[in-house]
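Structure record follows, encoded as structure tokens.
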Amino acid sequence: MKSFVFFCVTGYYLGILLSIVVFVTAVDCSSNEVYAKITKKTGNWANEESFMVYAGSTIAYTAPSLTDNEERVLDVCLPSTTNYQYSLEMRDSAADAWADGAWIEIEGMNGNIVYKGMMTERSVQTEQFSLYSPINKNDSWKYTNSVSDNWKDVSYSDVDWSDVVTGSATQSVSGTQYFRKVFNGVEGMAAVEIELKYQYGIVAYLNGVEVYRDNMSDGQPSIDTLATGSYTSSDYHGVIRSASGVSESNVLSVEVHFTDSNHEEIIQFNGFLSLLAGMSSTNNCFVYPYPVTATSSDYYNPSSAVDWSNYVTYAKNLPSSMMFDFSGSSIPFINSYRIWPYDYLSRSPSSFSIEGSVSTDDSWNMILSPSNVGYTSIEWKQFDLVSLPHRYPLLRFTILPYSDDNVCLSELQFLVCNRPSVSSIEYPETEYSFYKDYEQISISPIQYGYSDCSIQPSLPDGMSIDPNTCIISGVSHSLGSQQYTVTSTMVTPPIQSILNLTFIQCSGSVYKIIRNYMDNPQNEYFSIQDTSNESILYQINSGHLYPKFVKLVHYLCINVDRFDVAFDSTSNYWSSGSYYFMYAMLPDGEQEMVVKGRYDSYQGNIHT
């Protein structure tokens, strides 16, 4: 990223005065083409930026020359492909990515955003997008004011229903309204966006499963159920959710209710449905593309966290919270998050929480709370949920005190993903061994969002399982080896995991080693030797794969009278702030530091 205007340590970035260039063009695409509206935002160095749209392996569109600090709108007709699937190739001729503040956005024929992204690869970055909307605004729907119980099923016959062209209907009707639209789907898409035009109450079903509800009470509505509220006028509202459940043959079924049982009107209902592609074949997630309002008194420039700019916001103090308001027409069902650390690895949040709420008057519900998170330079860090949470219009992101005091947040994105249903609780390992009475244990599932957790048989004294997260923690005060079954009843049938836990006795003394790596950890290594014969008790060799900016904790049983700790490096010194800490674990649960050191040949440190 080309960035010279903001520093995480010092504070505010300097604003860039933008010129917005909009070309309004009436484009009539032919029957073998599809319309797309492309908005390209540039910063400085626009002459290095370009992009192309591919239809399969064929170039379907090439960007024109771009000008610095402009927001350019391009109306294009792309050649039709199978199910209108395309790929976008972003390029930077200087091989240092697009400038900070540069992004690209693509809209489909219904005016909805089907892709938005910034360039994070250096030279070339390719991502997928979809222009497939099997239901469009002003389409013809089937309509009736009286239904049977199975009216939402794909197999239901609606031949006796009336045909209504939405957006131009002239018939006046009374009472609850029912609509059906059969469409062909594409399996394996990441997300589905459904936007419906209404004023009062509405419930929508995809293949018989409820996918959206507004201004309606809970429970199965009947023809006499009244709406609980209304908007001031008829407009579009909707949802973006996982495309799981979309097959080749589908039906979108909608019932519209009113606050007055005698309500009569000319049909106002309208809507569209778009299928949205994932980022790649290995990451079937759609990035929520609409503006998000960020507010906080704990951060400088909180909007920088969600504006696709790569400009950085940082916390004034810890803990610090930021609230995100999803006030657009389509509220997402978010089941993954990702953080772009840029190159601020040591200052990206290592411990944080994300909570959701329906309104500022309601309570906040925990969604995920990762700790000891490590980042890789110029690489997204993704956090996946195993279940689909509530549709929260408000989120609260809180950086916890365990993070660096000068913590930065470069970009936080919200993802809607299509993943297979979980069949088991995944932990990093299936077998673990710990030292009785001394070793602090924390075994967390790989993904987030597990709940209703239990374990059989009971864990040893001093240990427990969190029923809300399936995290196993504590210090065992018993010896032995046991197979445990972890069960979550969050879904039906319940899901499980088998873990083998062994608790052993140290015949000598237990030590805890904390190794916090900064830059270039592969250059730094150490060893522990028996002083009497120089035999190796424990060592980390150079060229290891431990990540930077992560504290690694290891417990070691040492049963010799004396030992030496030797620090070394393939360079002249360990990175600034990179240290080795060693604590003796005491029987009463306390610990005492016995070694703190680092390698630095320039300072003439003692290295053994």
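Can you confirm whether His263 is under 29 Å from Asn184 (Cα atoms) and either of a type outside the set (Ser, Thr, Tyr) or surrounded by 13 or more Cβ atoms within 10 Å (Cβ to Cβ) (or both)? First the steps, then the outcome.
Details: under 29 Å from Asn184 (Cα atoms): no; either of a type outside the set (Ser, Thr, Tyr) or surrounded by 13 or more Cβ atoms within 10 Å (Cβ to Cβ) (or both): yes.
Judged against the criteria, His263 is not a match.
Quick one: count up the residues across segment 120-173 that are aromatic (Phe, Trp, Tyr) and either under 33 Å from the mean Cα position of the chain (by Cα) or at positive phi (or both). Total meeting the criteria: 2.
With more than 22 Å from Gly108 (Cα to Cα) and touching a residue at least 12 places away in the same chain (Cβ under 8 Å) as the only criterion, which of His257, His237 stands out?
Working: His237 fails: more than 22 Å from Gly108 (Cα to Cα).
After ruling out the rest, the residue left standing is His257.
Scanning segment 222-234 for residues being loosely packed, with under 14 Cβ neighbours inside 10 Å and not β-branched (Val, Ile, Thr) gives a total of 5. Mind checking which residues of segment 141-189 are in a loop (DSSP other than H, G, I, E, B) and of a type in the set (Lys, Arg)? Result: Lys152, single match. Inclusion of Ile331 among residues that are surrounded by fewer than 22 Cβ atoms within 10 Å (Cβ to Cβ) and either at pLDDT 95 or above or within 26 Å of Pro221 (Cα to Cα) (or both) is warranted.
For every residue, the table says whether it meets (1) open to solvent by 40 Å² or more (accessible area, probe 1.4 Å); (2) over 30 Å from Arg347 (Cβ atoms); (3) in a loop (DSSP other than H, G, I, E, B).
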{"position": "Ile455", "(1), (2), (3)": "no, yes, no"}
{"position": "Ser458", "(1), (2), (3)": "yes, yes, yes"}
{"position": "Ser497", "(1), (2), (3)": "no, yes, no"}
{"position": "Asn500", "(1), (2), (3)": "yes, yes, no"}
{"position": "Arg515", "(1), (2), (3)": "no, no, no"}
{"position": "Gln522", "(1), (2), (3)": "yes, no, no"}
{"position": "Ile528", "(1), (2), (3)": "no, yes, no"}
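Only one of the listed residues (Ser369, Ser377, Ser387, Ser423) is hydroxyl-bearing (Ser, Thr, Tyr) and touching a Gly at 6+ places or on another chain (Cβ under 8 Å). That residue is Ser387.
Go over the candidates Asp343, Asp325 one by one and state the one that is more than 20 Å from Pro289 (Cβ to Cβ), of a type outside the set (Gly, Ala, Ser) and open to solvent by 40 Å² or more (accessible area, probe 1.4 Å). Give the derivation first.
Working: Asp325 fails: more than 20 Å from Pro289 (Cβ to Cβ).
Going through Asp343, Asp325 in turn, just one is more than 20 Å from Pro289 (Cβ to Cβ), of a type outside the set (Gly, Ala, Ser) and open to solvent by 40 Å² or more (accessible area, probe 1.4 Å): Asp343.
Taking every residue in segment 137-151 that is touching a residue at least 60 places away in the same chain (Cβ under 8 Å) and pairing it with any residue that is open to solvent by 50 Å² or more (accessible area, probe 1.4 Å) and outside any loop (DSSP other than H, G, I, E, B), at least 6 positions away or on another chain, the pairs with Cβ-Cβ distances below 6 Å are Tyr143/Ser162. Note on segment 401-438: residues that are part of a strand (DSSP E or B), within 15 Å of the chain's Cα centre (by Cα) and either modelled with pLDDT under 95 or not β-branched (Val, Ile, Thr) (or both) total 7.
Taken over segment 560-600, the residue count meeting the criterion of being more than 23 Å from Ser535 (Cβ to Cβ), open to solvent by less than 50 Å² (accessible area, probe 1.4 Å), touching a strand residue (DSSP E or B) at 6+ places or on another chain (Cβ under 7 Å) and not in a strand (DSSP E or B) is 3. Here Ala315 passes the criteria (1) in contact with a Ser or Thr (Cβ under 9 Å, 6 or more places away or on another chain); (2) surrounded by fewer than 22 Cβ atoms within 10 Å (Cβ to Cβ) except the one numbered (2).
In segment 290-312, which residues are within 27 Å of Ser87 (Cα to Cα) and crowded, with 23+ Cβ neighbours inside 10 Å? Give the steps one after another, and end with the answer.
As a first pass, look at segment 290-312 and keep what is within 27 Å of Ser87 (Cα to Cα): 290-292, 305-311.
Hits for segment 290-312 are Ala305, Ser309, Asn310, Tyr311.
Restricting attention to segment 60-99, the residues that are under 18 Å from Tyr132 (Cα atoms) and not small (Gly, Ala, Ser) add up to 13.
The values are calculated or read from the model by the stated rules, or taken from the named source; none is laboratory data. Keep in mind it's a predicted model, so treat the numbers as computed, not measured. A quick note on method: Cβ atoms are made from the backbone with ideal geometry, for glycine too, and the neighbour counts reach across all protein chains shown. Heads up: the accessible areas ignore ligands, DNA and RNA and are worked out on the full protein's heavy atoms, side chains in. Shrake-Rupley method; radii C 1.70, N 1.55, O 1.52, S 1.80 Å.
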